[in-house]
Structure formats: structure tokens, C-alpha cells
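Have a look at the structure below, then the notes.
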Amino acid sequence: MLWATPPSGQTSTVIGPPVIMDPLKVGRQTSAWQIEIEAMRGLRVVTSSITFAPGGYSGWHMHPGPVIITVKEGTMTFYQEDCTANVFTAGQGFIETGAHPHFARNETDSPATTVVTYLTPPSATTTRIDAPQPVGCNP
């Protein structure tokens, strides 16, 4: 098993202080759309801007809760633990559970910036958990 690789060529800046929210349940439903968020013991919300230099990467990692990722500038490639690659460009994004190892890299010749919102338990002291590189996946 290969151990986690540290990030390289990236700069992360927290946008404002982390916010702790009391237990909450939010839901909204229309005929074509539905969303529900429930945090029985509260929720810690942290938003960061992460800039990746050309060739910069995150290293293999997970998160203690769901993560909302938006590509603000450039193009980023996100690898899942089965080595599946998904490419997102400026204006695109996705939500991940944070429960599985993943790896992000800027595979272009231009800088790329993501805006990442972490939803974690209130007791979380980090937004990142280093993870081993999956066997057979070497992006």
C-alpha cells in the first residue's frame, strides 16, 4: 500500500472564519426539485479558495463530511479511488461525500482555482484527512 502524498503546487486560503451552526434541518421541495440537509448535532462550515499552479495537486485525501466544489478558474481533473477521472472547467462543480479517497490535479499549463465548502461535524479540527494512494491508481 502506498501512503498519502502531500499536496504540491497549491495554495489554500480560508475565506472568513469557520462557522458553527446549531443542529438544523433545512428542506425545500417543488414539483421538479428537492433538497434536504440535516445536522442533528450541529455543523461546522468552512469555505476555502484553493489555487493550483500548472501541475499542482492535492495528494490523496478524504474529508470528515460532504464537500461542495466549484471550479472558479481554469480546468481541474478529479480522480476517485478507482482511478476514474472527471474533468471540470470554470463554472462547473460537484458535491462529494468526502468518505472515499480522491485526488485533484491541474493538468493544464494555466493556474486553476477552486472554491471549496466543507461541511463537517462541529468537533472536527481539520477539513482534510490524508489517505493512502489506492493500489493500481497512479494519476
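A short reminder: the numbers here are calculations on the coordinates, not readings from a lab. Predicted, not measured: the structure shown is a model, and the values here were computed from it. Please note: Cβ atoms are built from the backbone with ideal geometry, for glycine as well, and neighbour counts cover all protein chains shown.
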Original post:
Cα-based Rg of region 26-77 per 2.2 N^0.38 Å, rounded to two decimals?
Top reply: 1.59
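Taking Cα pairs under 8 Å and at least six residues apart, what relative contact order does region 8-130 come out at, in percent?
Contact order relative to length: 32 percent.
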Original post:
At q = 0.14, 0.18, 0.19, 0.20 Å⁻¹, what base-10 log of I(q)/I(0) does the Debye formula yield for the chain when every alpha carbon is treated as an equal point scatterer in vacuo?
Top reply: -0.69, -1.06, -1.15, -1.23
Subject >> Spin-label model distance (nm) - T97 vs T30, 7 Å beyond Cα toward Cβ >> reply: 2.9
**OP:** May I ask which residue of T89, P18, I37 lies farthest towards the positive end of the charge dipole of region 4-90, with charges of +1 (Lys, Arg) and -1 (Asp, Glu) on Cβ and the Cα centre as origin?
**Re:** P18
**OP:** About the Cα centre of the chain, how large is the charge dipole given +1 on each Lys and Arg Cβ and -1 on each Asp and Glu Cβ? Please answer in debye to the nearest 20.
**Re:** 320
